[in-house]
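Written out below as structure tokens is the structure these notes cover.
Read-outs throughout are calculated quantities, based only on the coordinates presented, and are distinct from any laboratory measurement. As the structure is a prediction and not an experimental result, all values here were calculated from the model.
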């Protein structure tokens, strides 16, 4: 991929398609045609920086991250009595042939 396209993604969190595999990381400044991705988030514990030629990049896209993960909140119904709409119909009328 050309450097003109990549320069807009420098110092941002991106996903890069290289050899059919999406690699996620923070794009460091490009030096002599070599792109360096530093892992972000939980991947920092397991992976180190990744470097490859800019010609090897097939596609690139920016990753938008939320400042804080959204907590899972379970909502409980306020009214414990659930009513059915069939309560208005008598049992004899529920299965009447028309």
Principal axis dimensions, largest first and in whole angstrom, of the stretch 27-75 by Cα:
53, 23, 16
Below 8 Å, C-alpha to C-alpha, sequence gap of six or more: please give me the relative contact order for the stretch 1-94 in percent.
26
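In nm, what is the difference between 0.36 nm times the number of residues separating residue 32 and residue 8 and their Cα-Cα distance? Walk me through the numbers before you get to the answer.
Values: separation 24, 0.36 × 24 = 8.64 nm, distance 1.66 nm.
Length difference between fully extended and current span is 7.0 nm.
Thinking of the chain as a set of Cα atoms, what percent of all their pairs are more than 16 Å apart?
On the way: 3196 of 4753 pairs.
Every Cα pair in the chain considered, those over 16 Å come to 67 percent.
Any chance you could run the full-extension gain for residue 15 through residue 86? It's 0.36 nm times the residue separation minus the Cα-Cα distance, nm to one decimal. List each step's numbers first, then the result.
Values: separation 71, 0.36 × 71 = 25.56 nm, distance 5.28 nm.
Between residue 15 and residue 86, full extension yields an extra 20.3 nm.
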